[in-house]
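Read through the structure below, which is laid out as structure tokens, and then see the notes.
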Amino acid sequence: MRTKRETVLVNETKYTILRSYGHRKDGYLYLVTTGEEMYMMKEYDQNCLLKVLENYHILKNLGIRMPKYIEADLEKGILIKECIDGKSAYVLLQNGELEDTFLDQLRYMAERVEKENLCLDYFPTQFVCEGKDLYYIHYGCDEKNEKNCFSSCVKRFWIERNGLCES
């Protein structure tokens, strides 16, 4: 894990770590800056980055609202993406502040990906609400099955709020 204020060179751009979010599913997540802009940097475990980039392009082509991909260093396994300045859907759910419009946007995203026999990671920490827009911040997608499909996950995580401590 990297430390606060550490500088990381990605291709030819220097990023300074402002905050570490620790280890997430497939790597370490950091808030970084170039001095002018803030971004999210994810340092992936072993050979995950190529799959992540492939998923990003699939989801982008399906019209899923996500943070913009900025750059990647395949050798280092580092991805830089736009920082969405909003609240986690998880926090909004916990506080009873999630508006219906966000569920409508989630449903729209699910329809788009599930038509292609894919699914998103529907756990609420993977979504950020900025203004009236819902962003899928994870870039991950998998083949659709009964357990990970929208109807199962939205009921469990978003409506009944069961399993919000698991992920």
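The values are calculated or read from the model by the stated rules, or taken from the named source; none is laboratory data. The model shown is predicted, which means the values in this text are computed figures rather than measured ones. Cβ sites come from the backbone with ideal geometry, for glycine too, and all protein chains shown count toward neighbours. Keep in mind that these areas ignore ligands, DNA and RNA; they rest on the heavy atoms of the full protein, side chains included. Shrake-Rupley method; radii C 1.70, N 1.55, O 1.52, S 1.80 Å.
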Discussion item. Quick test for you: out of N95, N148, pick the one residue that is at pLDDT below 95 and open to solvent by less than 40 Å² (accessible area, probe 1.4 Å).
Written reply: N148
Item to complete: Taking E43 as the residue in question, decide whether it is open to solvent by 30 Å² or more (accessible area, probe 1.4 Å) and not in a strand (DSSP E or B).
Response: no
Discussion item. Checking M1 against (1) hydrophobic (A, V, I, L, M, F, W, C); (2) in contact with a His (Cβ under 8 Å, 6 or more places away or on another chain); (3) at pLDDT 95 or above, only one condition comes out false. Which one?
Written reply: (3)
Worksheet item: Is it the case that some residue within the stretch 61-81 is open to solvent by less than 40 Å² (accessible area, probe 1.4 Å) and in contact with a Cys (Cβ under 6 Å, 6 or more places away or on another chain)?
Response: no
Item to complete: Tell me which residues, restricted to the stretch 33-75, are more than 27 Å from F102 (Cα to Cα), modelled with pLDDT of 95 or more and not acidic (D, E).
Response: T33, T34, G35, A72
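D104 - would you say it is open to solvent by 50 Å² or more (accessible area, probe 1.4 Å) and within 24 Å of E143 (Cα to Cα)?
Numbers: open to solvent by 50 Å² or more (accessible area, probe 1.4 Å): yes; within 24 Å of E143 (Cα to Cα): yes.
Yes: the conditions hold for D104.
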Worksheet, complete the sentence: Scanning the stretch 12-24 for residues that are open to solvent by 80 Å² or more (accessible area, probe 1.4 Å) and within 16 Å of G77 (Cα to Cα), the one modelled with the lowest pLDDT turns out to be R24
Worksheet, complete the sentence: Output for Cβ contacts, cut-off 6 Å, separation at least six or different chains, first residue in contact (Cβ under 8 Å) with a residue 60 or more places away in the chain and under 16 Å from C48 (Cβ atoms) in the stretch 16-31, second among the small types (G, A, S) and open to solvent by 70 Å² or more (accessible area, probe 1.4 Å), reads none
